[in-house]
Amino acid sequence: MLYLWSTILVLLNAFCLLMVLFSMPGNWLIITLTCLFAWWRWDDGVFSVYTLVAIAILAVLGELIEFLGGAGTAKKAGATWRGSVGALIGAITGALIGTFVIPVPVLGTLIGACIGAGLGTYALELSAGRDTVQSARYGVAAGIGQFLGITGKFVIGIVIWLIVTVAAFWP
């Protein structure tokens with residue numbers, strides 16, 4: 001029966017992993033489900049405390065990568081703090097709009113987040129008095145950085161999912 005429950009956990013975690021591509025907290029849902037499962041089946045010894053701590057640290061690392069993706073790249077390109085805030089707000093807004101406007105699953109959200117980060121940085125840099133070319137350069141950097149951040153967070157999510165999957169079935 002334990003293997004049936006472990007299989008259900010792994011399948012639910014795979015669904016949560018896909019949520020990362022929609023700019024949702026899929027990695028944290030994997031952590032939550034796995035910790036609840038570990039607590040529920042603690043006497044079976046499926047997951048150790050070390051495994052749970054390791055996947056939580058990886059989830060934090062994934063968040064940092066995503067955060068530094070859009071906002072950090074814009075800042076590194078020379079944008080002000082306003083441009084970095086624009087990247088964050090734009091990425092969230094763009095992901096929501098892209099999900100509904102671009103009818104391709106996952107891709108619409110990803111494209112929307114990247115375009116939103118770029119436009120958010122561009123708009124707030126323009127409002128701060130920067131010229132159009134500079135603002136556009138910062139916006140492009142934020143869009144590319146957002147793509148790299150989401151991709152990095154997804155890769156970390158895959159690692160978390162693999163760790164949980166192996167630990168669930170490894171004696």
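The values are calculated or read from the model by the stated rules, or taken from the named source; none is laboratory data. Keep in mind it's a predicted model, so treat the numbers as computed, not measured. Ideal geometry is used to build each Cβ from the backbone, glycine not excepted, and the neighbour counts take in all protein chains shown.
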Residue match in the stretch 124-133 (condition: among the β-branched types (Val, Ile, Thr), surrounded by fewer than 24 Cβ atoms within 10 Å (Cβ to Cβ), at pLDDT below 90 and assigned to a helix (DSSP H, G or I)): no
Could you tell me whether the stretch 40-58 includes any residue that is buried (at least 16 other Cβ atoms within 10 Å of the Cβ), farther than 17 Å from TRP170 by Cβ and hydrophobic (A, V, I, L, M, F, W, C)? yes
Criterion: more than 30 Å from LEU162 (Cβ to Cβ), at pLDDT 90 or above and not β-branched (Val, Ile, Thr) - qualifying residue of GLY98, GLY78, GLY118: GLY118
